[in-house]
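Q: Please read through the structure below; I'll follow up with questions.
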Amino acid sequence: MSESLQPDTIHTLPGWNGGRMTMQCLRVEAETHDVATFVFRSEQPTLFDFRPGQFVTLEPVIDGRTVPRCYSISSTPSRPCTFSITVKRVPGGLVSNWLHDHLRAGDRLTVSAPQGDFNIVDRPAERILMLSGGSGITPVMSMLRWLHDTAADVDIHFVHAARSPEDIIFRRELEAMDRANDRLRLSVTCESTGNGSWSGHRGRLSASMLQQMVPDLSERTVFTCGPEPYMEAVRDILGGLGFPASQYHEESFGGAPPAEPDREMPEPVVDADDDDTGDVVEATAVETGCTVRLARTGIEFTCAPSETLLEAVQNNGAWIPCACQMGVCGSCKVLKTAGDTRMQHMGGISDDEEAAGYVLACCTYPAGAVELDC
Ligand SMILES: Cc1cc2nc3c(=O)[nH]c(=O)nc-3n(C[C@H](O)[C@H](O)[C@H](O)COP(=O)(O)OP(=O)(O)OC[C@H]3O[C@@H](n4cnc5c(N)ncnc54)[C@H](O)[C@@H]3O)c2cc1C
């Protein structure tokens, strides 16, 4: 440690200076057989400022290449001297396994500033239903820890779905909070009993199970997060029950965005450079594909109609850093120096950045010849 945590040596970094910081891993805590929490602090003792539910982008260097990935902060800003992420091993996954196998106390890592609209500060509510599946518990756990620590006057029902009792992340802490907080109600369902006994709900979340667990469902604001199949199930259940979209907030951990918006909740932001001519230009692009030129290297190739700029770049031996690949995190932001494009992002780019010519390569389709500053 470079400095001890004395009050007069602590710095506050609102918004983390809006940029990236070198963090030091303080400790690694096993949560389940394939989930671990990594606790970080900055080199200089710092009070971390973030909104419960937000995520950071880690930039580990693996085999000489920076491989960014997004992780929700699982800790709470009410305990601001450190922050944590909680990572599940993904079979065959590069970064999740690297973190488990290589990141140890004392190691340093570049981490970008927290971001994301999926947070309890920007979307306050008096009656909340938190719905999480598997490792999707992380952002809602941050929200729950925050509401619990601050004794917020919020009625919370926390419904978590796990594969088995051994897979329940944060189980002890959840049960302790449930016992201590009379404004919290905890319900957990397990797909199977695994190796242990389980007297709680059994099976995957269903409409009837949810209605039984949460009779006042329609009066609550939902915050939900989980793997894509879980999210699809939640959307189907709530959609089928006529749950209002205005009371629904979600964070998804994976899966590319659809080529065209095909979900009722939520709708990605669709930007086209030229609303009047876009359809005509796009029709041509759909038939032929478009030329993409990387200005700095002079590499030129064709982007197939179904490809994003990111896929085309990767398929042609070039490289743009990327993490979420769904228009959320902004890692693949690149300056477009020429050409028309169509972008379907999920909040990973600001209006000012767009106005300055930036696009997110992971969710941008060319509508004519395009030149990128990379
Ligand atoms: C906003 C946000 C927040 C998130 N928060 C969390 C969190 O709190 N906790 C958490 O655990 N995760 C979280 N994630 C997911 C996380 O960002 C990573 O996607 C996840 O850890 C997997 O990354 P990886 O590098 O291990 O896997 P990757 O290497 O990206 O692989 C992902 C999948 O693709 C497969 N794959 C990889 N390469 C190939 C190939 N060549 N051919 C075929 N298949 C292949 C892998 O087997 C794996 O199934 C979050 C994601 C987002 C967008």
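The values are calculated or read from the model by the stated rules, or taken from the named source; none is laboratory data. Since the structure is predicted, the reported quantities are computational estimates derived from the model, not experimental observations. Backbone-built Cβ (ideal geometry, glycine too); neighbour counts: all protein chains shown.
Q: Could you pull out the residue among Arg51, Arg41, Arg79 that is more than 16 Å from the ligand (Cβ to nearest atom), within 28 Å of Ala151 (Cβ to Cβ) and either of a type in the set (Gly, Ala, Ser) or in a loop (DSSP other than H, G, I, E, B) (or both)?
A: Result: Arg79 is the single residue among Arg51, Arg41, Arg79 that is more than 16 Å from the ligand (Cβ to nearest atom), within 28 Å of Ala151 (Cβ to Cβ) and either of a type in the set (Gly, Ala, Ser) or in a loop (DSSP other than H, G, I, E, B) (or both).
Q: Right, here's the next one. Keeping to segment 347-374, report how many residues are more than 16 Å from Leu310 (Cα to Cα) and aliphatic (A, V, I, L, M).
A: Count: 2.
Q: Quick check, is Cys363 surrounded by 20 or more Cβ atoms within 10 Å (Cβ to Cβ), touching a residue at least 12 places away in the same chain (Cβ under 8 Å) and within 16 Å of the ligand (Cβ to nearest atom)?
A: On the way: surrounded by 20 or more Cβ atoms within 10 Å (Cβ to Cβ): yes; touching a residue at least 12 places away in the same chain (Cβ under 8 Å): yes; within 16 Å of the ligand (Cβ to nearest atom): yes.
Spelling it out, Cys363 is indeed surrounded by 20 or more Cβ atoms within 10 Å (Cβ to Cβ), touching a residue at least 12 places away in the same chain (Cβ under 8 Å) and within 16 Å of the ligand (Cβ to nearest atom).
Q: Going through Val95, Val111, Val90 one at a time, which residue ends up being in contact with a Ser or Thr (Cβ under 8 Å, 6 or more places away or on another chain), within 14 Å of the ligand (Cβ to nearest atom) and modelled with pLDDT of 95 or more?
A: Values: Val95 fails: in contact with a Ser or Thr (Cβ under 8 Å, 6 or more places away or on another chain); Val111 fails: modelled with pLDDT of 95 or more.
Only one candidate qualifies: Val90.
Q: Quick one: in segment 92-138, of everything that is among the β-branched types (Val, Ile, Thr) and in a loop (DSSP other than H, G, I, E, B), which residue is nearest to Met231 (Cα to Cα)?
A: Ile120
Q: Looking at segment 127-151, which of its residues are in contact (Cβ under 8 Å) with a residue 12 or more places away in the chain and among the small types (Gly, Ala, Ser)? Before the answer, list the steps.
A: Here is the first cut: in segment 127-151, the ones in contact (Cβ under 8 Å) with a residue 12 or more places away in the chain are 127-150.
Answer for segment 127-151, where residues must be in contact (Cβ under 8 Å) with a residue 12 or more places away in the chain and among the small types (Gly, Ala, Ser): Ser132, Gly133, Gly134, Ser135, Gly136, Ser142.
Q: Out of all the residues in segment 57-68, is one or more farther than 14 Å from Asn119 by Cα, of a type in the set (Lys, Arg) and either in the same structural domain as Gly330 (by TED's automatic domain parsing) or touching a helix residue (DSSP H, G or I) at 6+ places or on another chain (Cβ under 9 Å) (or both)? Step through it out loud before you land on a result.
A: Narrowing segment 57-68 to residues farther than 14 Å from Asn119 by Cα: 57-68.
Going one step further and asking which of them are of a type in the set (Lys, Arg), we end up with 65.
Subsequent filtering for residues that are either in the same structural domain as Gly330 (by TED's automatic domain parsing) or touching a helix residue (DSSP H, G or I) at 6+ places or on another chain (Cβ under 9 Å) (or both) retains none.
Among the residues of segment 57-68, not one is farther than 14 Å from Asn119 by Cα, of a type in the set (Lys, Arg) and either in the same structural domain as Gly330 (by TED's automatic domain parsing) or touching a helix residue (DSSP H, G or I) at 6+ places or on another chain (Cβ under 9 Å) (or both), which makes the answer no.
Q: Tell me, which strands (runs of 3 or more DSSP E) lie completely within segment 317-374 with 2 or more residues that are in contact with a strand residue (DSSP E or B) (Cβ under 7 Å, 6 or more places away or on another chain) and farther than 14 Å from Cys290 by Cβ? Full working, then the answer.
A: Working: elements: 333-338, 341-345, 358-360, 364-366, 370-372.
Qualifying strands (runs of 3 or more DSSP E): 333-338, 341-345, 358-360.
Q: Collect the residues in segment 63-76 that are in contact with an Asp or Glu (Cβ under 8 Å, 6 or more places away or on another chain) and either within 12 Å of the ligand (Cβ to nearest atom) or within 24 Å of Trp146 (Cβ to Cβ) (or both), keeping them in residue-number order.
A: From segment 63-76, those in contact with an Asp or Glu (Cβ under 8 Å, 6 or more places away or on another chain) are 66-68, 72, 76; that's our starting set.
Those that are in contact with an Asp or Glu (Cβ under 8 Å, 6 or more places away or on another chain) and either within 12 Å of the ligand (Cβ to nearest atom) or within 24 Å of Trp146 (Cβ to Cβ) (or both): Val67, Pro68, Ser72, Thr76.
Q: Please go through segment 116-132 and pick out each residue that is within 15 Å of the ligand (Cβ to nearest atom) and surrounded by 22 or more Cβ atoms within 10 Å (Cβ to Cβ).
A: Gly116, Phe118, Asn119, Met130, Ser132 - these are the residues of segment 116-132 that are within 15 Å of the ligand (Cβ to nearest atom) and surrounded by 22 or more Cβ atoms within 10 Å (Cβ to Cβ).
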